[in-house]
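Written below as structure tokens is the structure these notes are about.
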């Protein structure tokens, strides 16, 4: 079955559901899944380079994903080890490092990586961005891994030149993309539209693509929702068959997008109090999936809040069995490579996320086995990465 067939019935059912769903149902969905961003810190609701012309090179193509290609997804969120935002990730992208990390992912039976793309890096360095993206997609496909690229990010500081190029481990961090100024002014959307069309035309049918995620956690801010709807239209126009999704925090947020609709729904639940809370969220996700005939992915999860020994370090084994028992189409744990937290507040508190050190050792052998879903021998140690010790010392002094 081609990609057009895989979506033909679900879209109609989804539209009927969205017309039928009332405020009460949408409210019931809100909060069951969402636990906030990876570090659970609050965020407000609330362009200097010439935009390059899109590249028209033909991507490696398939006949289109079967419906089963959107199910049985076992994924991880991916940033290279020493990067804290998407601009850094692509400016510092090393093909050898990416291949190494892909091998780590396969060793724990991960078959998909969710990673942020950088509109600003593409705008400033279009040829280099294309070359690096081409490499990641090809290398992933060769290893049986598909990529879930995230085109825009709602979280973080403004994408000023200073913030984009900050490399001090004590001060660099998440970068929103595009800026609030761009989001709020439709007259400034031509660059993002061009980026979306270029990206989807080039990679929409690539063997290494899982789906295209338009934005991470767009929330309910009216301007941002309008922006995302417009970008969805551009993506659908660039390749009507490319699977599209949105990095929604809560299940209810998916219901904001109907024209065009989403091919996959998402939700995030990084730090549930207990495994029982995760079970409840997964059951609600399964119900929504049946109602709308739309696959649902849990695209961010980490650990329970209540398990010992230390709530600020990885403990994927506290949730892995629960997540994998859920009746949903796939999941992504936060995150593959071990590093201090993505957000400033939790990073200052000393939160550490991830599974693999750069040398292939893992933080927890129990976590590796739980994610892999099988027994195995793993070299493990429970220390901060050597390159991040300065950050840990700074936190200890506070």
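The values are calculated or read from the model by the stated rules, or taken from the named source; none is laboratory data. Quick caveat: nothing in here was measured; it's all calculated off a predicted structure. So basically every Cβ, Gly included, is an ideal-geometry build from the backbone, and we count neighbours across all protein chains shown.
Taking the condition of being in a helix (DSSP H, G or I) and buried (at least 21 other Cβ atoms within 10 Å of the Cβ), how many residues in the range 235-244 meet it? Spell out the reasoning first.
Step one: of the range 235-244, the residues in a helix (DSSP H, G or I) are 235-238.
Restricting the remaining residues to those that are buried (at least 21 other Cβ atoms within 10 Å of the Cβ) gives 235.
Residues in the range 235-244 being in a helix (DSSP H, G or I) and buried (at least 21 other Cβ atoms within 10 Å of the Cβ): 1 in total.
Looking for whichever is in a loop (DSSP other than H, G, I, E, B) and over 26 Å from residue 76 (Cβ atoms) here; the options are 193, 171. Which one fits? Even if it seems obvious, please write down each step before you answer.
Working: 193 fails: in a loop (DSSP other than H, G, I, E, B).
Result of the check over 193, 171: 171.
Would you point out the residue of the range 292-328, among those that are touching a strand residue (DSSP E or B) at 6+ places or on another chain (Cβ under 7 Å) and surrounded by fewer than 19 Cβ atoms within 10 Å (Cβ to Cβ), that is modelled with the highest pLDDT?
So in the range 292-328, the residues touching a strand residue (DSSP E or B) at 6+ places or on another chain (Cβ under 7 Å) come out as 294-302, 312-314, 316, 319, 323, 328.
Pick out the ones that are also surrounded by fewer than 19 Cβ atoms within 10 Å (Cβ to Cβ) and you get 312-313.
Working: 312: 92, 313: 95.
Restricting to residues being touching a strand residue (DSSP E or B) at 6+ places or on another chain (Cβ under 7 Å) and surrounded by fewer than 19 Cβ atoms within 10 Å (Cβ to Cβ), the top hit is 313.
Modelled with pLDDT of 95 or more, part of a helix (DSSP H, G or I) and more than 19 Å from the chain's Cα centre (by Cα): does that describe residue 284?
Working: modelled with pLDDT of 95 or more: yes; part of a helix (DSSP H, G or I): yes; more than 19 Å from the chain's Cα centre (by Cα): yes.
The answer is yes for residue 284.
Among the residues of the range 342-363, are any part of a helix (DSSP H, G or I) and touching a strand residue (DSSP E or B) at 6+ places or on another chain (Cβ under 6 Å)? Step through it out loud before you land on a result.
Looking only at the range 342-363, we keep the residues that are part of a helix (DSSP H, G or I), and these are 344-349.
Subsequent filtering for residues that are touching a strand residue (DSSP E or B) at 6+ places or on another chain (Cβ under 6 Å) retains 347.
Among the residues of the range 342-363, at least one is part of a helix (DSSP H, G or I) and touching a strand residue (DSSP E or B) at 6+ places or on another chain (Cβ under 6 Å), which makes the answer yes.
For the range 364-377, which positions are at pLDDT 95 or above, part of a loop (DSSP other than H, G, I, E, B) and surrounded by fewer than 19 Cβ atoms within 10 Å (Cβ to Cβ)?
Pass one, the range 364-377, residues at pLDDT 95 or above: 364-373.
Adding the requirement that they be part of a loop (DSSP other than H, G, I, E, B) leaves 364, 373.
Listed by number, the list holds a single entry, 373.
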